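Colleague: Here it is, the structure in full.
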Amino acid sequence: MRKIIILGLLLSTVPLCASGLNEATYSWYGLIPALIAIVLSILTRQVILSLVLGVVSGSVISYLYNPSDSYLFGIDKAIDHYILDSLVDSGHASVILFSLLIAGMINVISRMGAFNGLVNWLSKFATTKKSALLTTYFLGFIVFFDDYANTLVVGNTMQKITDKFKISREKLAFIVDATAAPIASIALVSTWIGYEVQLIDEGIANANIAARVGSGYSVFLNSISYSFYPIFILIFILILILTGKDFGPMKKFELKANIKATEKSIQNEKSIAPIWAVLPIGILLIVTLFGIYSTGNKGDGIIQSIQNGDCYKGLIWGSSAALFVTLIISSLNKNTFENSINWILDGMKSLVPAIAILVLAWALNGVLSDLKLGEFLSDFIISIDMDFYLIPVIVFVFSGVIAFSTGSSFSTMGILFPIVISIASSFLSNEGEVSSIFYCSIASVLSGAVLGDHCSPISDTTILSSMATGCNHINHVNSQLTYCLLVGVLSIVIMLLQGVFGMPLWILMIIGVLLIYLIINMLGEIIDTVSVKPDSLTKK
C-alpha cells in the first residue's frame, strides 16, 4: 500500500515541475492521470485506489491551468466536481440504477430457486463444457440491441452453468465482454447505431460529400464489412470454444478453475420451474426494446426509432418491469414480501465495490475530457504525413489508444469520426466511386474504439462484465488482454492486405479465419476437465 501511495504522489508531482502551463501543453498532461490509473491498477491490482490517484492527479493538473476554481490545489475539485458530476449525470445514474435493479432481480430469482430450475433445464442443452460455452456465446447474439443489457443478462444467467463445468469466471467474463460491444456495434439495429450514424452524418455534412457517399446509415452499412476487429473477435471466440483450447493468462485461470473446482450439486437446494427465471428476463428484454423504440421518432419506422431512441429510459423501464414481475412471482411461490425486499437489498449490496469503480472511471473520463487528451491524440493523427493505404491502420491504432486511455468507446468515436471523415474524403474517386479506403477508415474508428474498450481497465463495459460474472476485475482485464491484442494485430494485417493489394473482402475474411485457426492451434492447449453429468442436478 505504501508503494502505491508513494508512486502515485511522485507521478502526481510531474506537472508541478512544468512552468507556464498553456493551451498547447495542457493536452499532453492528460496522459499522466490516464497512465497513473491504468498502470497502477494493472501492476498493483488496487483498482479503486489507482482510479482515485488518477482523478486527483488530473484534478491537480487542471488546477494548474485554471487556479481560480479550486481552494486546495485542485484536490477538492476531484470530489465536489468530477466524482459528483459522474454521479449526477443522468446517463450514468441510469446505468447505476439499471445495474442495481438487475442485481436485486437476479438475487430474488436465485434465492427462490428459479435459477436452479433454469440450470436444470439448460443442462439438457449444455451437457458439456463446449456446449455450455456455446450457449453463453449465442445468448450474446440474442441480446444484440444493447451492450449493457447483454453483459448483465448473459453474465448473471450463465454463472451457475459455467461453474458446473469448471469454466473459470475469467473465461465467462471474456466471452460476455467480447460478444457485447462487437455485436451491438455492427448490428443493423442497436443502441450504438443511432449514435454512430449521427456522428457519420455530421462528418459527411461538414466535409460536403453527402452527394457522393449517401446518408450516414448507408455509409455505416457499407463499412460493416471492413469492421475487422468486431468480426474477427466473434470468430476468434467461436473457434476458441470449438477447439477447446486456451493460451496465455486465460490458460492459467482455466487450469486453476479445473484443479480447484468441485462438482456442485444443487439437489439439496430449492428448485422451482425454470419459467419463473425466464419470464422476468424475457420481460426485461421486451420492455427495454419497447422503451427504446417508444422514445424514438416513430415516424421514421421501427429501425430508425430504435436507433434514435433513449436507451437509458428503455433500460430503466425494462429493469423496473422485470423486478416488479419478479416480486409477483416470488409471492406466488409463497415467499413473504419482507424476504423478497431483503433479497433485493442483498443483491444490490453486492454491487457496491463495482459501482465505486464505475463511478471513479467516469470521474477519470471527465478529468481526461477537461484535459483534452482525446483532442491531443487526434491532432497528432492529423499531423502525421501518411500514405493513403495506411490511413485505416493509423486510425485503428489511435482509436484504440484513445479508447484505452479514456475508457470510453463513445467519446472516442465522437472525437475521431469528424476528423477521419474529413481526411478519408480526400481519397474519394473523381468518378463518383467511393474508395474502399474511405469505408475501411470509417470502420477503423469503430473497430479501434471497441478494441481499446476491451483492453482498458477503466472501461465501463469491462467493469460491468467483471461485475455481472462475479470475476475479479484485474483478472478479467489481464486474461482478456492477450486475446484482444492478438485479434487487434490480426486486424491490422488484414487492413494492410486490403490497402496495399486491394484484395476482395471475401478473400480477406478467409485469410483472417485461417490465421485465427492456426494461431489458436499453435499456441493453445486443451484443458482437460471431468465431465459433470446432467443428472447430478436433480430437482427437489
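Colleague: May I ask you to verify whether Leu508 is more than 21 Å from Leu351 (Cβ to Cβ), at pLDDT 90 or above and either outside any helix (DSSP H, G or I) or under 13 Å from the mean Cα position of the chain (by Cα) (or both)?
Modeller: no
Table: residues versus (1) under 22 Å from Leu505 (Cα atoms); (2) at pLDDT 90 or above; (3) crowded, with 17+ Cβ neighbours inside 10 Å.
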site: Val189; (1), (2), (3): no, no, yes
site: Gly194; (1), (2), (3): no, no, yes
site: Val197; (1), (2), (3): no, no, yes
site: Ile200; (1), (2), (3): no, no, yes
site: Gly203; (1), (2), (3): no, no, yes
site: Ser223; (1), (2), (3): yes, no, yes
site: Ile233; (1), (2), (3): yes, yes, yes
site: Asp246; (1), (2), (3): no, yes, yes
site: Met250; (1), (2), (3): no, yes, yes
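Colleague: Could I ask something else about it? Just give me the residues in region 130-161 being modelled with pLDDT of 80 or more and buried (at least 24 other Cβ atoms within 10 Å of the Cβ), in sequence order.
Modeller: Once the filter is applied, which keeps residues that are modelled with pLDDT of 80 or more and buried (at least 24 other Cβ atoms within 10 Å of the Cβ), region 130-161 yields Ala132, Leu133, Thr136, Gly140, Thr151, Val154, Gly155, Met158.
Colleague: Let me ask another. Would you please name the residue that is surrounded by the fewest Cβ atoms within 10 Å (Cβ to Cβ), looking only at residues in region 348-374 that are in contact with a Gly (Cβ under 7 Å, 6 or more places away or on another chain) and at pLDDT below 80?
Modeller: In this case the residue turns out to be Lys372.
Colleague: Would region 100-107 turn up any residue that is buried (at least 20 other Cβ atoms within 10 Å of the Cβ) and not in a helix (DSSP H, G or I)?
Modeller: No; the residues of region 100-107 include none that is buried (at least 20 other Cβ atoms within 10 Å of the Cβ) and not in a helix (DSSP H, G or I).
Colleague: Of the conditions (1) at pLDDT below 90; (2) surrounded by 24 or more Cβ atoms within 10 Å (Cβ to Cβ); (3) in a helix (DSSP H, G or I), Gly452 satisfies every one except a single condition; which number is it?
Modeller: (1)
Colleague: Does region 252-303 hold any residues that are at pLDDT 75 or above and not hydrophobic (A, V, I, L, M, F, W, C), and which are they?
Modeller: Listed by number, the residues that qualify are Lys252, Glu254, Lys256, Pro274, Pro280, Gly282, Thr288, Gly291, Tyr293, Ser294, Thr295.
Colleague: For region 189-199, state whether one or more residues are in contact with a Cys (Cβ under 6 Å, 6 or more places away or on another chain) and not hydroxyl-bearing (Ser, Thr, Tyr).
Modeller: no
Colleague: Can you pull out the residues in region 50-64 that are more than 22 Å from the chain's Cα centre (by Cα) and either among the aliphatic types (A, V, I, L, M) or not in a helix (DSSP H, G or I) (or both)?
Modeller: Selection gives Leu53, Val56, Val60, Ile61, Leu64.
Colleague: Quick one: count up the residues across region 146-169 that are in a helix (DSSP H, G or I) and within 15 Å of the chain's Cα centre (by Cα).
Modeller: Within region 146-169, the first condition is being in a helix (DSSP H, G or I), and the residues that meet it are 147-164, 169.
Keeping just the survivors that are within 15 Å of the chain's Cα centre (by Cα) gives 147-155.
Looking only at that region, the number is 9.
Colleague: Sort out which residues of region 118-145 are among the hydroxyl-bearing types (Ser, Thr, Tyr) and assigned to a helix (DSSP H, G or I), and write them in order of number.
Modeller: Ser131, Thr135, Thr136, Tyr137 - these are the residues of region 118-145 that are among the hydroxyl-bearing types (Ser, Thr, Tyr) and assigned to a helix (DSSP H, G or I).
Colleague: Check Ile384, Ile458, Ile394 and return the single one that is farther than 30 Å from Ile175 by Cα and either at pLDDT below 75 or among the β-branched types (Val, Ile, Thr) (or both).
Modeller: Criteria check complete, one pass: Ile384.
Colleague: Filter region 467-513 down to the residues that are of a type in the set (Gly, Ala, Ser) and either touching a Gly at 6+ places or on another chain (Cβ under 9 Å) or closer than 18 Å to Leu523 by Cα (or both), then identify the one that is surrounded by the fewest Cβ atoms within 10 Å (Cβ to Cβ).
Modeller: From region 467-513, those of a type in the set (Gly, Ala, Ser) are 468, 470, 479, 488, 491, 499, 502, 512; that's our starting set.
Filter once more, so that each one left must be either touching a Gly at 6+ places or on another chain (Cβ under 9 Å) or closer than 18 Å to Leu523 by Cα (or both): 468, 470, 479, 488, 491, 512.
On the way: Ala468: 30, Gly470: 15, Ser479: 25, Gly488: 23, Ser491: 28, Gly512: 21.
Checked region 467-513; the qualifying residue surrounded by the fewest Cβ atoms within 10 Å (Cβ to Cβ) is Gly470.
The values are calculated or read from the model by the stated rules, or taken from the named source; none is laboratory data. Keep in mind it's a predicted model, so treat the numbers as computed, not measured. Quick reminder, even Gly has a Cβ in these numbers, built from the backbone with ideal geometry, and neighbours come from all protein chains shown.
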